[in-house]
Amino acid sequence: KAGVTQTPRYLIKTRGQQVTLSCSPISGHRSVSWYQQTPGQGLQFLFEYFSETQRNKGNFPGRFSGRQFSNSRSEMNVSTLELGDSALYLCASSSSRLAGGLMDTQYFGPGTRLTVL
Amino acid sequence: GENVEQHPSTLSVQEGDSAVIKCTYSDSASNYFPWYKQELGKGPQLIIDIRSNVGEKKDQRIAVTLNKTAKHFSLHITETQPEDSAVYFCAANTYQNSNSGYALNFGKGTSLLVTP
């Protein structure tokens, strides 16, 4: 089974621009979560999508948004980029089949390295 | 949000020695505790996870222990090898609400160096 794929792997943008990142989950997985990784703040949860709906949201400004398509692929958008948005953006997929308040294992992609100049 | 504290931030051991990384969490509703290994230029890779209904889990040279009362869990790597060198992250799920379920909160990571 192919793993989680993310495109592009590297991206350079300037302040004020916007960017869209893409994530394809493991086949059969319906949940996609996005994380931001920086040296200072570590791994921080952005949001989770399940069946085309945002199910969870972390503590990030509204400039960060996402969506999920019917094939479970997900995109993340950041508008009006700031220097502090430079980070590794990771997506993780899970089957999300466990019930009763149990959390499924999340599998991460290689990430997209975003540099904002 | 809920915190996950991880110690130490760096750890250097000799090949063949054991390595122990410890984490504490604050959300008493947490019931899932995964450990990830991240190598340079790659995404985090799950190495082992434990749920709150067990106190210990082992997979070859890797073991995880969980103390729910004290809210801490630990990763143990025995017979370390140079290829174990990487950054290790612990995480705990945190309950958001009845509509959204859980999200993962991560520790800040431990950079493990295994010297031959």
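The values are calculated or read from the model by the stated rules, or taken from the named source; none is laboratory data. Every value quoted in this text rests on a predicted model; they were computed, and no experiment measured them. Glycine gets a Cβ as well: all are built from the backbone with ideal geometry, and neighbour counts include every protein chain shown.
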Inset, instruction - Within segment A:22-32, identify whether any single residue is away from chain B (no Cβ under 13 Å) and on the phi > 0 side of the Ramachandran plot, and answer yes or no. - result: yes
Inset, instruction - Answer with yes or no whether B:Tyr25 is in contact (Cβ under 8 Å) with a residue 60 or more places away in the chain and under 14 Å from the mean Cα position of the chain (by Cα). - result: yes
Legend entry - Criterion (within 14 Å of chain A (Cβ to nearest Cβ), modelled with pLDDT of 95 or more and surrounded by 15 or more Cβ atoms within 10 Å (Cβ to Cβ)) met by exactly one of B:Ile62, B:Ile48, B:Ile77: B:Ile48
Inset, instruction - Quick one: which strands (runs of 3 or more DSSP E) lie wholly within segment B:21-104 and hold at least 3 residues that are out of contact with any Lys or Arg (no Cβ under 8 Å at 6 or more places or on another chain), charged (D, E, K, R) and farther than 20 Å from A:Lys57 by Cα? - result: B:56-59
Inset, instruction - Hey, could you check segment B:1-45 for residues that are modelled with pLDDT of 95 or more and of a type in the set (Asp, Glu) and say which is nearest to B:Lys68 (Cα to Cα)? - result: B:Glu5
Inset, instruction - Could you pull out the residue among A:Gln41, A:Gln18, A:Gln6 that is out of contact with any helix residue (DSSP H, G or I) (no Cβ under 6 Å at 6 or more places or on another chain), more than 21 Å from B:Thr94 (Cα to Cα) and within 14 Å of another protein chain (Cβ to nearest Cβ)? - result: A:Gln6
Legend entry - Tally, over segment B:87-116, of residues that are surrounded by fewer than 21 Cβ atoms within 10 Å (Cβ to Cβ) and either more than 14 Å from chain A (Cβ to nearest Cβ) or at pLDDT 95 or above (or both): 7
Legend entry - So B:Val13, is it more than 14 Å from the chain's Cα centre (by Cα), of a type in the set (A, V, I, L, M) and outside any loop (DSSP other than H, G, I, E, B): yes
Inset, instruction - Might you let me know whether segment A:55-65 holds any residue that is at pLDDT 95 or above, closer than 15 Å to B:Phe106 by Cβ, within 14 Å of chain B (Cβ to nearest Cβ) and in a strand (DSSP E or B)? - result: no
Inset, instruction - Look through segment A:70-97, keep the residues that are part of a loop (DSSP other than H, G, I, E, B) and surrounded by fewer than 13 Cβ atoms within 10 Å (Cβ to Cβ), and return whichever of them is nearest to the other protein chains (Cβ to nearest Cβ). - result: A:Arg97
